[in-house]
Amino acid sequence: MAKRKVITPKHVPIGLIETPLFERLNAISRAKSWTGWAGYISPLVLDTVEFEYFAIRNQATLFDISPMHKYRVTGPDAQAVLNRLVTRDVSKIRDGRVGYVMWCDEEGMLIDDGTLFRFSKTDFRLCCQESMLTWLLDVAWGYDAEIIDESDAIAAVSLQGPTSWSVLQEAGFADVATMKPFDWREVEPDIWISRTGFTGDLGYEIWVPWAKASALWDRLWAAGDHWGLRAIGFEALNMCRIEAGFIAAGVDFQPVHAAMRLHRGRTPIELGFGKMVHFDKGHFNGRRALLQQRGNCGRYALVKIDIAGFKPADGALLYHKKKKEVGFVTSGVWSPTMKCNIALAELKAPFGIDIVDDIWAEIYVNEEGKWDKRLVPVTLKDKPFFANTRARATPPRPY
Amino acid sequence: MSGNRFDAIVIGAGHNGLTAAATLAAQGKSVCVLERDGRIGGMSKTVDLDGAQVPEIAHLLYNLNPSVAKSLGLQLDTRALHTVALSPDGNHVVINDGSAVFADGSAHPDAQAFTALYVRLTKFARLLGQLADGPPPALSGGVLHVATLGELAKLGKLGWGLKRLGKKDMRELLRVVLSNAFDLVLDEISDGPLAGALTADAVRGGYAGPRSPGTVFSLMYRLGNGGTVTLPMGGMGAVANAFESVARSRGVDIRTGVQIERLVIADDRVQGVLLIDGTTLHADAVLSSAGGMQTMRIAGVASFDVEAVRRMRNLRNKGTTAKVNFVLSSTPTFTGLSAEQSAGRLLISPSARDVERAFNPAKYGEMSPAPLIEAVIPSLSDPSLAPAGTHILSAVVSYAPYALDGGWTKKARAQLLDSVIQTLDQYSPGIGALVSTSQVLTPVDIETMTGAPGGHWHHAEMGIDQILTVRPANMVSRYAFGVGGLYLCGASAHPGGDVMGAAGRNAAMQVIKDGVLG
């Protein structure tokens, strides 16, 4: 009888992909609590969210941001392409600087936000949450510029917290002392550091080729030992970004290209970023639509609020005079540092713009099995909840 | 008007450009028309071919918009032509004003069904035709907006018209309006030259076969003004000249042989036009009868939102129709046709099936081996067009795809010419020997000569996805084209192509309505 050939079935791999730092993260993960981020495995929590949160605010922390989408825009028209894409004037961002940018569709609705790293007038890197290659190719059509998706070529870690500068010093990156917020430079061949982050605190992001990520991690990890360095997951980071008043795609606004329902888009003006829309720089995508909203006449207002009590109010409905429903909380958390119940909330105009008083949040509380509803007062805030001078001090101080 | 400052500048001196200019001039506006070619007329020109006056591209008037003709006071001497659907077996069908008989005078078995279908289609077409006399409806302002009320009134009028059709006809219109000409026609009459003629008329000029959806609409579009086909005395150039003389009499400054470098735009508003010779012409509005993408290019892609550019990049405008002009050394005779019958519009589209088959090769970048032909011998009606004894034969030939595999080489053009002569020869034996001069214009030539994108008659396919509120594309259907003061006024704008003038007139009216001229 002829021997049957044994075929080992092999299918296309399914499920999440490991980042170059997964092995390191998995080795120290007690919680084994993972999430998917742009197709990659990313930690929600590694130890406990409380430990990780306090490490961000009191020590130093590492977060793997390799899954972030990264696009390189190069060529003679690179700056023109980016100025066509985003609402702010890219020509005002100098070489070796980073800018927070937003970009819109033709109706002025936010497609995504991100950070723009400028190497030179002809060379930029754009980092963002959403997959953006086809959009960037369309934006660049007719221009002399090349778009390269660097998402799986460049890895990065975010080093955040008051001792983050000390960790870098310890790791041998002495050059970093003179870096101001939003500076970025190549500190060693193939290692770029930017003084950026998503925590509102002192912090840096370190960018390396994919294959060099684990070596970088090891170097920082060894240096961080007596500076209290911990690895963190998304949950602790999310608390800090709400404290800093930063908005998150898919949470505080719906990236309009991904929204299925009508009227889910929001403009930068409605999200409180009117100052980032530079009407005087020439045409950019959505300019004509945004002009209609000039002078703060958006349909909605995304605001920072302080909610009475201590029950985190994520998703709570908001009322005017306890009666009229005027909005809802998009991100809410109890802030352990500020000791208040903070949130970002979307209000329907004119609430949040002309009418800011007598706003109430409807909160559901569960008291040992018994649900109760409470209306608690809401105070609008115009400054980030967490702001500390250490975040901006140059050179930073060792803590 | 001397000097270089105008209220409005119109790009292109085709019938739409001239209509737009004349319409604005009638409102007391100073207008300058810029034409790249040395002569006005665009697709409706008469040119000299070996001493004979041939209609270069367009050769008949189907659809001249009555509102345009009336408001311009066009003086045109035209002659209504009958149509002959040629049959390979010699039993040609003569179609005249909705009735069909065999060329020998005997009754056509489908005559009654044809007339009923024709009457119904022209009735529907007339109803839909009222949409041509203004921008497509838009309700985006919200139902409480003042501007929306006018739109609602227009829709109401259409709705009332629909209602007045009666239940049976209204149902029928809604049943067929988005469907295909093949099914519609063959549901009523048997396949043959008569069905071939109707289905070929439904697709002529377009990238579609009779089985393509939306071809009932394009047939109705063709029948928009009752379906009468007329031959202008003095050739198509006389039509262009009529438009021109109205425009000139209203003080329009028409400049030919002028090349545009780019539009001058400041603060998101059109300021004028920079010519290649360095001259700047100033105006508060620029109306472009060029295609959408060409207009974007001269304005600069940077002035448009990414989505708008994407829509123009993806506009369907694959030209499929070539023009072949002949000078014949003597009078051609068609087997089975009287001399008087030969003077009509001669259609070679033997059956609906043949029409569909002729389209198939075009899909794969090939020309039809058995092309569809709409031929006319204008010199039979107007002997002044050709030297005594000689004649001109003008043929619109489908399908000759714009993007022919291997390109429109000398060989490919010879092949096209050959297949046209061979096809004509089947109906007029020996006609090839009469040809003293010929001229072949492929869609590529037509694009080069007139700027029509893809060499497409209508600048953008008249498909369901590119008409009315989405002509040429979503967000730009009401003539305003991104930059303040920039408007589309050509065939790519609503209602579309044919020597019609409605797009030009509508665009001019919109410019006035928008108040951009102060």
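The values are calculated or read from the model by the stated rules, or taken from the named source; none is laboratory data. Computed from a predicted model, the values in this text were never measured in an experiment. Please note: Cβ atoms are built from the backbone with ideal geometry, for glycine as well, and neighbour counts cover all protein chains shown.
For (1) crowded, with 21+ Cβ neighbours inside 10 Å; (2) at pLDDT 95 or above; (3) over 30 Å from residue A:131 (Cβ atoms); (4) away from chain B (no Cβ under 14 Å), each residue gets a yes or a no:
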site: A:257; (1), (2), (3), (4): no, yes, no, no
site: A:281; (1), (2), (3), (4): no, yes, no, no
site: A:288; (1), (2), (3), (4): no, yes, no, no
site: A:306; (1), (2), (3), (4): no, yes, yes, yes
site: A:310; (1), (2), (3), (4): no, no, yes, yes
site: A:321; (1), (2), (3), (4): no, yes, yes, yes
site: A:329; (1), (2), (3), (4): yes, yes, no, yes
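Considering only residues of the stretch B:265-310 that are in a strand (DSSP E or B) and within 14 Å of chain A (Cβ to nearest Cβ), which is nearest to the chain's Cα centre (by Cα)?
First, the residues of the stretch B:265-310 that are in a strand (DSSP E or B): B:265-266, B:269-275, B:280-282, B:285-288.
If we keep only those that are within 14 Å of chain A (Cβ to nearest Cβ) as well, we get B:265-266, B:269-270.
Values: B:265: 31, B:266: 34, B:269: 31, B:270: 29 Å.
Within the stretch B:265-310, the match that is nearest to the chain's Cα centre (by Cα) is B:270.
If residue A:275 satisfies every condition in (1) within 14 Å of another protein chain (Cβ to nearest Cβ); (2) within 20 Å of residue A:82 (Cβ to Cβ) but one, which is the exception?
(1) is the only condition that residue A:275 fails.
Going by the conditions given, is residue B:316 part of a loop (DSSP other than H, G, I, E, B) and either closer than 30 Å to residue A:81 by Cβ or away from chain A (no Cβ under 14 Å) (or both)?
It is true that residue B:316 is part of a loop (DSSP other than H, G, I, E, B) and either closer than 30 Å to residue A:81 by Cβ or away from chain A (no Cβ under 14 Å) (or both).
Would you confirm whether any residue within the stretch B:243-252 is more than 30 Å from residue B:383 (Cα to Cα) and in contact with a strand residue (DSSP E or B) (Cβ under 6 Å, 6 or more places away or on another chain)? Don't jump to the end; show me each part of the working.
To start, the set of residues in the stretch B:243-252 that are more than 30 Å from residue B:383 (Cα to Cα) comprises B:250-252.
When the remaining residues are screened for being in contact with a strand residue (DSSP E or B) (Cβ under 6 Å, 6 or more places away or on another chain), the result is B:252.
Scanning the stretch B:243-252 turns up at least one residue that is more than 30 Å from residue B:383 (Cα to Cα) and in contact with a strand residue (DSSP E or B) (Cβ under 6 Å, 6 or more places away or on another chain).
Out of A:64, A:105, A:95, A:77, I need the residue that is under 16 Å from residue A:283 (Cβ atoms) and in contact with a strand residue (DSSP E or B) (Cβ under 8 Å, 6 or more places away or on another chain). Which one? Outline the logic, then answer.
Details: A:64 fails: under 16 Å from residue A:283 (Cβ atoms); A:95 fails: under 16 Å from residue A:283 (Cβ atoms); A:77 fails: in contact with a strand residue (DSSP E or B) (Cβ under 8 Å, 6 or more places away or on another chain).
A:105 is the lone residue from the list that is under 16 Å from residue A:283 (Cβ atoms) and in contact with a strand residue (DSSP E or B) (Cβ under 8 Å, 6 or more places away or on another chain).
In this structure, does residue B:464 turn out to be surrounded by fewer than 21 Cβ atoms within 10 Å (Cβ to Cβ) and within 17 Å of the chain's Cα centre (by Cα)? Steps first, answer last, please.
Values: surrounded by fewer than 21 Cβ atoms within 10 Å (Cβ to Cβ): yes; within 17 Å of the chain's Cα centre (by Cα): yes.
So residue B:464 fits the description; yes.
Just to be sure, is residue A:294 in contact with a Pro (Cβ under 8 Å, 6 or more places away or on another chain), at negative phi and surrounded by fewer than 17 Cβ atoms within 10 Å (Cβ to Cβ)? Even if it seems obvious, please write down each step before you answer.
Numbers: in contact with a Pro (Cβ under 8 Å, 6 or more places away or on another chain): no; at negative phi: yes; surrounded by fewer than 17 Cβ atoms within 10 Å (Cβ to Cβ): yes.
For residue A:294, the condition - in contact with a Pro (Cβ under 8 Å, 6 or more places away or on another chain), at negative phi and surrounded by fewer than 17 Cβ atoms within 10 Å (Cβ to Cβ) - is not met.
Can you spot a residue in the stretch B:250-262 that is within 20 Å of residue B:485 (Cβ to Cβ), within 14 Å of chain A (Cβ to nearest Cβ) and out of contact with any Cys (no Cβ under 6 Å at 6 or more places or on another chain)?
yes
I'd like the full set of residues that are closer than 17 Å to residue B:70 by Cα and in a loop (DSSP other than H, G, I, E, B), limited to the stretch B:489-518.
Listed by number, the residues that qualify are B:499, B:500, B:501.
Tell me, which helices (runs of 4 or more DSSP H) wholly within the stretch A:137-245 include 1 or more residues that are within 15 Å of the chain's Cα centre (by Cα) and in contact (Cβ under 8 Å) with a residue 24 or more places away in the chain? Don't jump to the end; show me each part of the working.
On the way: elements: A:164-170, A:213-223, A:234-244.
The qualifying helices (runs of 4 or more DSSP H) are A:234-244.
Filter the stretch A:116-159 for residues that are within 14 Å of another protein chain (Cβ to nearest Cβ), out of contact with any Phe, Trp or Tyr (no Cβ under 7 Å at 6 or more places or on another chain) and β-branched (Val, Ile, Thr); which is surrounded by the most Cβ atoms within 10 Å (Cβ to Cβ)?
Once the filter is applied, the top-ranked residue is A:139.
When the residues of the stretch B:420-457 are filtered to those that are among the small types (Gly, Ala, Ser) and out of contact with any Pro (no Cβ under 9 Å at 6 or more places or on another chain), which remaining residue is surrounded by the fewest Cβ atoms within 10 Å (Cβ to Cβ)? Steps first, please.
Initially, the stretch B:420-457 is screened for residues among the small types (Gly, Ala, Ser), giving B:428, B:430, B:432-433, B:436, B:438, B:451-452, B:454-455.
When the remaining residues are screened for being out of contact with any Pro (no Cβ under 9 Å at 6 or more places or on another chain), the result is B:432-433, B:436, B:438, B:451.
Values: B:432: 14, B:433: 12, B:436: 15, B:438: 17, B:451: 21.
If we take residues in the stretch B:420-457 being among the small types (Gly, Ala, Ser) and out of contact with any Pro (no Cβ under 9 Å at 6 or more places or on another chain), then B:433 is surrounded by the fewest Cβ atoms within 10 Å (Cβ to Cβ).
Six or more apart or on different chains, Cβ under 7 Å: which pairs go from a residue in the stretch B:60-80 that's of a type in the set (Gly, Ala, Ser) to one that's modelled with pLDDT under 90 and assigned to a loop (DSSP other than H, G, I, E, B)? Could you list them?
B:80/B:228
Which is surrounded by 20 or more Cβ atoms within 10 Å (Cβ to Cβ), under 22 Å from residue A:148 (Cα atoms) and under 18 Å from the mean Cα position of the chain (by Cα), of A:56, A:65?
Values: A:56 fails: under 22 Å from residue A:148 (Cα atoms).
The conditions single out A:65.
Checking residue B:473 against (1) crowded, with 23+ Cβ neighbours inside 10 Å; (2) within 14 Å of chain A (Cβ to nearest Cβ), which single condition isn't satisfied?
Residue B:473 satisfies every listed condition except (1).
Name the one entry in B:190, B:179 that is touching a helix residue (DSSP H, G or I) at 6+ places or on another chain (Cβ under 7 Å) and among the polar types (S, T, N, Q). Let's see the steps before the verdict.
On the way: B:190 fails: touching a helix residue (DSSP H, G or I) at 6+ places or on another chain (Cβ under 7 Å).
Exactly one of B:190, B:179 is touching a helix residue (DSSP H, G or I) at 6+ places or on another chain (Cβ under 7 Å) and among the polar types (S, T, N, Q), namely B:179.
Quick check on my filter: what residues within the stretch B:326-350 are hydroxyl-bearing (Ser, Thr, Tyr) and within 16 Å of residue B:83 (Cβ to Cβ)? It would help to see each step written out before you state the result.
The first filter runs over the stretch B:326-350 and keeps only residues hydroxyl-bearing (Ser, Thr, Tyr), leaving B:329-331, B:333, B:335, B:338, B:342, B:349.
Matches in the stretch B:326-350: B:338, B:342, B:349.
When residue A:175 is evaluated against the numbered criteria (1) in contact with a Pro (Cβ under 7 Å, 6 or more places away or on another chain); (2) modelled with pLDDT under 95, which criterion, by number, is the only one it fails?
It fails just one condition, (1).
I'd like the full set of residues that are among the small types (Gly, Ala, Ser) and within 14 Å of chain B (Cβ to nearest Cβ), limited to the stretch A:259-272.
Kept after step one, since they are among the small types (Gly, Ala, Ser), are these residues of the stretch A:259-272: A:259, A:265, A:272.
The answer is A:265, and nothing else.
Looking for something farther than 17 Å from residue B:300 by Cα, modelled with pLDDT of 95 or more, surrounded by fewer than 22 Cβ atoms within 10 Å (Cβ to Cβ) and hydrophobic (A, V, I, L, M, F, W, C) - is there at least one such residue anywhere in the stretch B:207-226?
Within the stretch B:207-226 (the criterion being farther than 17 Å from residue B:300 by Cα, modelled with pLDDT of 95 or more, surrounded by fewer than 22 Cβ atoms within 10 Å (Cβ to Cβ) and hydrophobic (A, V, I, L, M, F, W, C)), the answer is no, since none of the residues qualifies.
For the stretch B:61-119, name all the residues that are exposed (fewer than 14 other Cβ atoms within 10 Å of the Cβ), polar (S, T, N, Q) and under 20 Å from residue B:244 (Cβ atoms).
The answer is B:75, and nothing else.
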